Amino acid sequence: MLNFELSSEQKEIKEMAMKFARNEMIPNASKFDESAEFPMEILTKAWELGLVNTCIPAEYGGTGFSTVESITITECLSYGCMGMNTAIMANDLALLPIVIGANDEQKKRFLTPFTESYKIAAFCLTEPGNGSDAGGIKTTIKDAGDHYVVNGQKMWITNAGFADLFVVYGTFDSEQKHKGISCIVIDDKNVEGLEIGAPEKKMGHKCSDTRAVTFNNVKVPKENLLGKLGDGWKIAMKTLDHSRPMVAASAVGGAQCAYDYAAKYASERIQFGKPIASHQAIQFMVADMAMKIEASRLLVYKASWLLDNNQPNTKLASFAKAYAADACMEIATNAVQIYGGYGYSKEYPVEKLMRDAKLIQIYEGTSQIQRLVIAKEIFSR
Amino acid sequence: MNIFVCIKQVPDTETKVIPNGDATFIETSSIKWIMNPYDEFAVEQALLLKAANAGSTVTVVRVGGVKDTEALRTAMAMGADESFLVEADDNLDSYMTAKAIKGAIAKSEKTPDIIFTGKQAIDDDCLQVPQLVAQMMELPSVSVIVGFEHSGDKLTLKREIEGGAIEVYEATTPCLVACNKGLNTPRYASLPGIMKAKRKPLTQLSLADVGVSEEDRRVSYSDFSLPPEKPPGKKFEAMDEAVQKDIVKEVVGLLRNEAKVI
Ligand SMILES: Cc1cc2nc3c(=O)[nH]c(=O)nc-3n(C[C@H](O)[C@H](O)[C@H](O)COP(=O)(O)OP(=O)(O)OC[C@H]3O[C@@H](n4cnc5c(N)ncnc54)[C@H](O)[C@@H]3O)c2cc1C
Ligand SMILES: Cc1cc2nc3c(=O)[nH]c(=O)nc-3n(C[C@H](O)[C@H](O)[C@H](O)COP(=O)(O)OP(=O)(O)OC[C@H]3O[C@@H](n4cnc5c(N)ncnc54)[C@H](O)[C@@H]3O)c2cc1C
């Protein structure tokens, strides 16, 4: 049975998220891009409506959405503003390892507060010296008897400046490579030795908060370790199976937004006595955009559907992430092209989309790393 | 309180309307439906009134096609308690619609203390249903409401009139109130609200169930066609002061004799 239709409830969810994007996000997107201020009020409103932390299961007070529903929401929020969506999505990225790797008591303790008020979480994997090669991280999580001690530095951590909870990856023994990697939760932002750096100045996603995080002998209770020492890599890989379709969905939302602007502008802008949309060069660009958005969206839905049906989705998740991110970059670039000189101006919305699109090819595994994953799936099976 | 809200599902404002095959109505097969925007103010006011009066219920009534029920579900996701849907073609006239609403309210077995509607539907702009419902149910009604206060059985209603001026009405419940933009800010349907709405009762009725038949029809529709294309606008250049006087004269002449608007 093949069915491309969302259920009526899913359609309503999409409708509502889209309304939020159009009314609350789009009118403010350029303002927050300019000021690089964290859009706390808009994010809180999104939380109140249930648009944040869609990964939390119903047992712990969440909406209990499937991946298909989560990514539908992500696409809409990213349509509203890719930067604001990064702040929202980073919560899911940080909470997913808990959903995947925590025991019942930990889930209650860590997840439920996120359903009671708007709280912010940060996912701490990348380090100054280890990005794509996440398996080589150097942060340490050492057993110190009645607690663990964390030492090291993380880089590019989204939400860090506002986070109430940090999910931290480290190794208890770097000799053991992937098998040494462990995942621990720091739910006390004032704990001694936790240092949050200054906000990074970025090309795009400016209103999202990105900082370095340093751990100087940070003591963490034993009951905050997810699984056992050495379970971290497994948890991280499973997290990526969930989060990559989500990031891919954000690329679809950004691309759709760029396309909508470009198609409208092309019908209105007159050159050589007719709308530029009647020049074939423009028509082909717009046709390619529409085609690639649909292809991206279908990949995202399939990667999510596999996950919801308990089937392996690693390859599809990477297909979706790489294809949608690359398409989003191309589409946003061509939207600027279609706007001509106006596209290059901050008075018009598309240059921001072009800057924002770039990040999607970088975080959650670069477009190259996705191809590496795909090739590994092809040749090692 | 028994609070009722009448809502209509209308084509999305971006819809490109075209006549149907035999030109008896608009083509509805590929329309995206939304809740009539003025009805959103009605739903919001009903929910505010419910919140201020413990034990109240909000019942939504809609007459129309059953294929898409977005508007009703949205109202329940926003917080309405139950809904009644009278199945009907989209081409009912105002009289039949009002009679069907009255019938559906009777079927609910609740005596309304107040009925909220939008001031008009943005598709046919008939502006008749609220007054007809009130008349048929022998209730007072006030339309184009931008201010609403309630205490006991007394209502103080602000009504917008020509030129932006405001009239203040006092009314007693039961009463019908037709809402305008500016009355409140309609809430979003939250995601938990959408999930909860699934379990709220939606009763479907036929026109016969509510005592309406073709014999009630006062208006029948035919010969739908698109308006003629507008001729392109005229442009006047008057940068040069010497010619401005003549150009203004010419424009006034055209407005008077050709466009006949002054
Ligand atoms: C704004 C922002 C927010 C972020 N948020 C978070 C966060 O919340 N949490 C977190 O943990 N991280 C976060 N990151 C980090 C992000 O995931 C990394 O930047 C990303 O994984 C790439 O790592 P890197 O920057 O070290 O680049 P590198 O790994 O140094 O890569 C540089 C280039 O080399 C290529 N490359 C590397 N290895 C290979 C290979 N084997 N084959 C082919 N090409 C290769 C890459 O594709 C890339 O083009 C964020 C980054 C940014 C910019
Ligand atoms: C930062 C900046 C500095 C500039 N400096 C100067 C300057 O010093 N002096 C100056 O005179 N100008 C300057 N320009 C203007 C620049 O040359 C124009 O922006 C450029 O020629 C494009 O014109 P446009 O912006 O009106 O786009 P449009 O002509 O509206 O083009 C919009 C899109 O339609 C496409 N298009 C248009 N016609 C056709 C067709 N027949 N077939 C297919 N595709 C078509 C274009 O390729 C483009 O993708 C500058 C622009 C910028 C942004």
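Would you pick out the residues in segment A:65-102 that are among the hydroxyl-bearing types (Ser, Thr, Tyr) and away from ligand 1 (no atom under 16 Å from the Cβ)?
The answer is A:Ser66, A:Thr67, A:Ser70, A:Thr72, A:Tyr79.
How many of the residues making up segment B:178-219 are surrounded by 17 or more Cβ atoms within 10 Å (Cβ to Cβ), away from every other protein chain (no Cβ under 14 Å) and in a loop (DSSP other than H, G, I, E, B)?
The qualifying residues number 6.
Given the conditions (1) within 15 Å of ligand 1 (Cβ to nearest atom); (2) among the small types (Gly, Ala, Ser); (3) touching a Ser or Thr at 6+ places or on another chain (Cβ under 6 Å), report the number of the one that A:Ala122 does not fulfil.
So A:Ala122 meets the others, but not (3).
Among the residues of segment A:261-274 satisfying the criterion of being more than 9 Å from ligand 2 (Cβ to nearest atom) and in a helix (DSSP H, G or I), which is nearest to the other protein chains (Cβ to nearest Cβ)?
My answer is A:Lys264.
Looking at B:Asp113, is it among the acidic types (Asp, Glu) and modelled with pLDDT of 95 or more?
In short, yes.
Which ones in segment A:264-282 are free of Cβ contacts under 8 Å to residues at least 12 places away in the same chain and out of contact with any Pro (no Cβ under 8 Å at 6 or more places or on another chain)?
Within segment A:264-282, A:Lys264, A:Ile270, A:Gln271, A:Phe272, A:Gly273, A:Lys274, A:Pro275, A:Ser278, A:His279, A:Gln280, A:Ala281 meet the criteria.
With the requirement that a residue be surrounded by fewer than 17 Cβ atoms within 10 Å (Cβ to Cβ) and within 16 Å of ligand 2 (Cβ to nearest atom), what does segment A:334-362 give you?
A:Gln337, A:Gly340, A:Gly341, A:Tyr342, A:Tyr344, A:Ser345, A:Lys346, A:Glu347
For segment A:45-94, which residues satisfy the criterion of being surrounded by fewer than 24 Cβ atoms within 10 Å (Cβ to Cβ) and either aliphatic (A, V, I, L, M) or within 16 Å of ligand 2 (Cβ to nearest atom) (or both)?
Matches in segment A:45-94: A:Leu49, A:Ala58, A:Val68.
Applying the selection to segment A:49-69, what residues are part of a helix (DSSP H, G or I), under 19 Å from the mean Cα position of the chain (by Cα) and within 11 Å of another protein chain (Cβ to nearest Cβ)?
A:Glu69
Scan segment B:120-177 for residues that are touching a residue at least 60 places away in the same chain (Cβ under 8 Å) and over 22 Å from B:Ala98 (Cα atoms) and report the count.
Matching residues across segment B:120-177 total 2.
Looking at A:Ala46, A:Ala29, can you tell me which residue is part of a helix (DSSP H, G or I), within 13 Å of another protein chain (Cβ to nearest Cβ) and aliphatic (A, V, I, L, M)?
A:Ala46
Let's see how each residue does on (1) touching a residue at least 40 places away in the same chain (Cβ under 8 Å); (2) within 14 Å of chain B (Cβ to nearest Cβ); (3) among the hydroxyl-bearing types (Ser, Thr, Tyr); (4) more than 16 Å from ligand 1 (Cβ to nearest atom):
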residue	(1), (2), (3), (4)
A:Ala322	yes, no, no, no
A:Ala325	yes, no, no, no
A:Ile331	yes, no, no, yes
A:Val336	no, no, no, yes
A:Lys346	yes, no, no, yes
A:Asp356	yes, no, no, no
A:Ile360	yes, no, no, no
A:Gly365	yes, no, no, no
A:Glu377	yes, no, no, no
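When you go through (1) closer than 20 Å to A:Thr239 by Cα; (2) assigned to a helix (DSSP H, G or I); (3) away from chain B (no Cβ under 11 Å) one by one for A:Cys76, which number turns out not to apply?
(1)
Results for (1) within 14 Å of another protein chain (Cβ to nearest Cβ); (2) among the polar types (S, T, N, Q); (3) within 13 Å of the chain's Cα centre (by Cα), shown as yes or no for each residue.
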residue	(1), (2), (3)
B:Ala54	no, no, no
B:Ala75	yes, no, no
B:Met78	yes, no, no
B:Asp81	no, no, no
B:Phe84	no, no, no
B:Leu92	no, no, no
B:Ile101	no, no, no
B:Pro112	no, no, no
B:Asp123	no, no, yes
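Looking at (1) in a loop (DSSP other than H, G, I, E, B); (2) in contact with a strand residue (DSSP E or B) (Cβ under 6 Å, 6 or more places away or on another chain), can you tell me which one B:Leu155 breaks?
Unmet for B:Leu155, out of (1) in a loop (DSSP other than H, G, I, E, B); (2) in contact with a strand residue (DSSP E or B) (Cβ under 6 Å, 6 or more places away or on another chain): (1).
Looking at this structure, is B:Ser151 more than 14 Å from every other protein chain (Cβ to nearest Cβ) and at pLDDT 95 or above?
When the stated conditions are applied, B:Ser151 does not pass them.
If you check B:Tyr95 against the conditions, is it surrounded by fewer than 24 Cβ atoms within 10 Å (Cβ to Cβ), part of a helix (DSSP H, G or I) and touching a Gly at 6+ places or on another chain (Cβ under 6 Å)?
no
Which condition number does A:Met18 fail, the rest of (1) in a loop (DSSP other than H, G, I, E, B); (2) more than 10 Å from chain B (Cβ to nearest Cβ) being met?
(1)
When the residues of segment A:275-333 are narrowed to those that are among the β-branched types (Val, Ile, Thr) and away from ligand 2 (no atom under 16 Å from the Cβ), which ends up surrounded by the most Cβ atoms within 10 Å (Cβ to Cβ)?
Per the stated criteria, the residue is A:Val300.
What are the pairs with Cβ atoms under 6 angstrom where one residue, in segment A:195-211, is closer than 18 Å to A:Ala121 by Cβ and the other, located anywhere, is at pLDDT 95 or above and within 16 Å of ligand 2 (Cβ to nearest atom)? Sequence gap at least six, or different chains.
Pairs found: none.
The values are calculated or read from the model by the stated rules, or taken from the named source; none is laboratory data. Keep in mind that this is a model prediction, so the values were computed, not measured. FYI the Cβ positions are ideal-geometry reconstructions off the backbone, even for glycines, and counts take in every protein chain you see.
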